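Here the structure comes first, spelled out in structure tokens, and everything after it is commentary.
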Amino acid sequence: MKKPLFDLFPVILFFAVFKLAGNYPDSTQEWAKSIGYLAKPEQLPILLATAVAIAATMAQVAWVKWHHGKVETMLWI
């Protein structure tokens, strides 16, 4: 059961962040402005969710490489 959840971790985070950012558009827009990122408010949820998914995938690959020494091909894909 651990492996499927581990593999889906970035996807789960993507949808969670997308939903949260969509539910709180004012907070999302304020946060984006605070880091100097200007985009249309309706674009921010997908951009933020994508950034989180990319960061989570990079962290996942680094963790697997550090603990197991080799990253499976499927994780790279």
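The values are calculated or read from the model by the stated rules, or taken from the named source; none is laboratory data. Remember, it's a predicted structure, so these values are computed and weren't measured experimentally. Don't worry about glycine lacking a Cβ; one is built from the backbone with ideal geometry, like all the others, and counts go over all protein chains shown. Protein only, heavy atoms only, side chains kept; ligands, DNA and RNA dropped before computing areas. Shrake-Rupley method; radii C 1.70, N 1.55, O 1.52, S 1.80 Å.
Of the solvent-accessible surface of the range 1-58, computed with a 1.4 Å probe and all protein chains present, 71% belongs to carbon and sulfur.
Magnitude of the charge dipole for the chain, about its Cα centre and with charges confined to Cβ atoms of Lys, Arg (+1) and Asp, Glu (-1), is about 260 debye. The residues of the chain expose on average 79 square angstrom of accessible surface per residue, using a 1.4 Å probe on protein heavy atoms.
If you build a Gaussian network model of the chain, linking Cα atoms that sit under 10 Å apart, which residue out of Gln43, Gln60, Gln29 swings the most? Evaluated over the chain, the most mobile residue of the options is Gln43. For trypsin sites (Lys or Arg not before Pro), the sites in the chain that DSSP calls loop and that have at most 16 other Cβ atoms within 10 Å are Lys70.
Among the lysines of the chain, pairs that are 8 or more positions apart or on different chains and have alpha carbons within less than 29 Å of each other number 8.
Under the combined filter of DSSP loop state and at most 11 neighbouring Cβ atoms within 10 Å, the range 1-73 retains these GluC sites (Glu not before Pro): Glu42, Glu72.
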